[in-house]
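The next block holds one structure in the form of structure tokens; read it before the comments.
No value in this document is a laboratory result; all are computed from the given coordinates. Owing to the predicted nature of the structure, the values given are computational and were not obtained by experimental measurement. Cβ placement follows ideal geometry from the backbone for every residue including glycine, while neighbour counts extend to all protein chains displayed.
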Amino acid sequence: MKNILDIENVTMQFGGVVAVNNLSLTVNEGEIVSLIGPNGAGKTTVFNAVTGVYEPTNGRISFYGEKILENYPHGKMKKLYAGENRGMYTERMVKTPDRITKLGIARTFQNIRLFKSMTVMENVLLAMHVRRTSNYFTATFCLNAKEEAANRAKAEELLKAVGLYENRDDLATSLPYGKQRHLEIARALATQPTLLLLDEPAAGMNPQETEELTAFIRHIRDTFHMTIFLIEHHMNLVMDISDRIYVIDFGKLICSGTPDVVQADKRVIDAYLGVSEVD
Amino acid sequence: MKKNNTSKSRLSLYCNLGALLLAFILVLVIDATHNPTDMLVKVLQKVCVYAVVAVSMNLLNGFTGLFSLGQAGFMLLGAYTCAIFIIPDEVRGQVYGYIEGGSIVHVRLPLIVAILLGGLVAALFAFLIGLPVLKLKSDYLAIATLGFAEIVRTIVTWEKLGPVTNGSFPLSKLNTFRKALEGTPFEKFSLVTPYFLIAGICIAVIVLIIRSTYGRAFKAIRDDEIAAEAMGINLAHHKRLSFVTSSFFAGIGGALFAIFQASVSAAPFTSAMTYEILLIVVIGGIGSITGSVLGSFLFIASSEWWLRGLDSGKFLGISSPVFRNGFRLVVFSVIIMIFVLFFRKGIMGTKEFDVVKIGGFFKKLFTETVPGWLKKIKHKEAADQ
Amino acid sequence: MDYLLPGISAGGQYALIAIGYTLVYGILRLINFAHGDVFMVAGLMMVYATTYMPLYVSIPLVLILTAVLGFGIERAAYKPLRSSPRMSVMISAIGVSYLLQNLALYITGGLAKVYPTIKFLSETITIFGSTTRRVTVITPILVLVLVVALVLVIRYTKIGMAMRAVSKDFTTSQLMGIRINTVISATFVIGSFLAAVGSVLYFSNYPSVVPTSGAMPGLRAFVAAVVGGIGSIPGAVVGAFIVGICESLIKGIPEISIFSDAFTFLLLIVILCVKPTGIFGEKNIDKV
């Protein structure tokens, strides 16, 4: 199996707080990998580092074997840095989130971030902007009508796939919560990624909806040949769907492996339930 | 369902184009029947100028969500660039009379070319100033662009630039559409028509931009920068595009303003002018192109024309000593404050003017609402008896 | 020295206005565009007040009336928009500025109004070998006294504590039972009061007041607040002195004297691009 996302010794430090501490993990092609951990463990921070929202303090991230982000403690962090591997990385290479999306990593947000003044259809079309072949001039004077029509057709197909076709002309924010989550996924898919990052896709869903979502995520992986990396708290979903699981606590990786391995690991149970004093 | 939708939108497109054509014919008729000094002509010309600038500001503030207050500065750049090249050769010496050595510009351009050049110069400056300031967040951007406008205003009056900008003296005796079209078959239609056409083209282009995939990207930036960036939109690039485009049209608006006045000086392009344009956009509805056009019309028509009486002592047949110089603007600012506080969405909100919808509204009014009222009245009468 | 003294004096006057901007921004995150016009109105009120009553009555009266004006503007134009986007409030501020200017234009009839001479302030004195008006020397001292007083108020009184809490976190302080509206009103009252003091000092240096008199000093004071780091009182004062001194020095060089305002704005743009939070400002991180 081909390794597509490679996070190497990434540390994220805000001021004196080390949110992610020397984390290394990999995601292979076609896998569904989950990142779990108690609240505040630093899961979303990992996503933000991968997608370029935050600049990692130290470490390297590669995508398809090619380095996309690398950083080392510099400036104020030079003194403050409390993580490991100081001096291991010497180059500073940061990419803005849009360039990372262009490379093929798309994400959804934990707290839904749809474009509120746009319709469902427009939200999806917008995501296709990144793959445009038209320029400002041709787009303005409708010289790209063919592309626009093709995009529309593709968007309709995507919306059918996520079950939002009937709502395509509704305002995105007028959708019920569960459908908004679906739209977020559709929008991320519209950027034509190879790796999809889902940040708590089942947050706020009831057990039945969660079950549907589980099937839906599998369905996306299979129909769009997608690799999926997700953060989730619903353990049923995680254990059911994941090929592999990484568990972090206080920013540190404490365990990784298949669902069975992780479920049996004592450190994981301790992290979630706390350490009993009797032991 | 889908077919129905597209045919409906097509119908409304044709209807709106028809309405536009009607407006154009009306403008032609006005041109043919009015004198250059008529109030209506002056007002309509100014409305066209302001409409271009207001729509350009709306593109930036309303559709891209960048709160910029540099509009007056870009207008000034457009106005000066255009004016420099449209001073007739025979009066050039006279205009630059106070400058030692006179003007160093000896080129004279046709009006349209000069107007375009005005837009381009404004766009160029926008590009340069945009490099640093577009990184700033909302209100910091506003104040930085406001500062830029003030800087530009000072620089053009610098005496060292006298041979180009005529220093602190106005560039006057400019060529106008009237003069340019003299002796041609279009002479009769040289008052409002050229302004209407140029404004129409500019606004049409802005509408096309907003409807294109780039327009969607602008709106996405307005709605949520972080999500937009995560969807692959290069923030810096798109903000710059919007800023430069908006300034280009502001420059064209400024050039039209110069031609409208047949003279340019730096004095009117203060931050107060930017505020006026902003208020037009607010009255019309932030995020509505037709709103901005409508807002320009209402703003100019009432400030220059309808409310004149408030200044000269007699308004709507009432005369009072309160009605003296300046009262018009007071009333006017109160109206604006009422809009800002109570009708925050402006006249149009984010909707666009649509003939079909308006037709639908009237149809509803006459088939449902009015009969409904009548019914109510009848019921009441019956109850009273 | 001839340029430094007036620079310090102008700086002091800007400081008094800049504090108003900085306090309001700290709490409401609003650039109060109308603040410069409040300053102008204070000047005009002084003109009208002194025609009817002696100075020792009119000065305190004007200070109080200006504070009331600030309070009134906040209640009428900003309070109704408390829950709307920041842009709406900023537009409202611009609207108020437009209204105040037009109102002033109407009342004065567009004529420049001669500012009353306050004898004590405009007497000339000689200091360090250069002749100047007394106001030039008094301004920095008065500013210092007022700023120290203000800092003490903010640090040690209950309302000051509330102000600090609100500027840190609007919603939480509301939940903690702080009366937001009282705090905001207090902010506007203090800001307008200081602007009125500034206006007495400022216009003593100038012959007359016109409706647009407030715009430029207002903008300069705003720049000062940004340079110092908006939201910070010492920042506003330091920024104001920087702006005032630079302006005065540039005015002293005839070749570039017309660029004194342009320079102020250039300083603004440079500061914003290099260190947007100003000299004393705090950094905010957006949370995703």
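Structural remarks
- All Cα pairs of the stretch B:183-303, percent lying beyond 26 Å: 32
- With the convex hull drawn over the C-alpha atoms of chain A, the volume per residue is 155 Å³.
- Measuring nothing but alpha carbons in the stretch A:66-216 and taking Rh as the Kirkwood radius, the Rg to Rh ratio lands at 1.08.
- Evaluated over chain B, the Cα radius of gyration and Dmax, each in Å: 23.3, 91
- Scattering curve values for the stretch A:1-78, log₁₀ I(q)/I(0), Debye with Cα scatterers, q = 0.14, 0.16, 0.26 Å⁻¹: -0.44, -0.57, -1.32
- Label-point separation in nm, B:Val91 to A:Thr26, each point 7 Å along Cα→Cβ: 7.9
- Cα gyration tensor shape for the stretch C:3-102, rounded if a/c is under 1.5, else prolate or oblate: oblate
- nm² value of the averaged projected area, convex hull over the Cα atoms of the protein assembly as shown: 51.4
- Where N is the number of residues in chain C, Cα Rg divided by 2.2 N^0.38 Å: 0.98
- Alpha carbon centroid spacing (whole Å) that separates the stretch B:27-58 from the stretch B:330-385: 28
- Membrane-span-like helices in chain C (whole DSSP H runs, Cα extent of at least 30 Å along the helix axis, mean Kyte-Doolittle hydropathy of at least 0.0): C:4-28, C:86-108, C:134-156, C:180-203.
- Residues of type lysines that B:Lys160 reaches as a straight line, Cα spacing below 27 Å, ignoring anything fewer than 8 places off in the same chain: B:Lys173, C:Lys251
- Gain in span if fully extended, A:His233 to A:Asn111, counting 0.36 nm per residue against the direct Cα distance: 42.5 nm
- Expected-Rg normalisation [2.2 N^0.38 Å, Cα atoms] applied to the stretch B:80-176: 1.25
- Most fluctuating residue given options A:Arg86, A:Arg168, A:Arg221, as computed from a GNM of chain A linking Cα atoms under 10 Å: A:Arg86
- Using C-alpha pairs below 8 Å separated by at least 6 residues, the relative contact order for the stretch A:1-160 is 19 percent.
- By average C-beta atoms within 10 angstrom, highest first, the peptides B:90-96, B:336-342: B:336-342, B:90-96
- The slack in the chain from A:Lys79 to A:Leu143, taken as 0.36 nm per residue of separation less the alpha-carbon distance, amounts to 17.6 nm.
- Helix B:2-33 vs. chain B, principal-axis angle (Cα, 0 to 90°, nearest 10): 60
- Mean ellipticity per residue at 222 nm, deg cm²/dmol - from DSSP H runs of n ≥ 4 across chain C, formula -39500 (n - 2.57): -23500 deg cm²/dmol
- Seen against the Cα atoms of chain A and their longest principal axis, helix A:207-224 is set at about 70 degrees.
- Residue mean of other protein chain beta carbons inside 10 Å, C:30-37: 2
- The stretch C:176-288: proportion of alpha-carbon pairs further apart than 24 angstrom, %: 37
- Label-point separation, B:Ile112 to C:Thr157 (7 Å along Cα→Cβ), nm: 6.8
- The C-alpha atoms of chain B define a longest principal axis, and helix B:71-85 lies at about 50 degrees to it.
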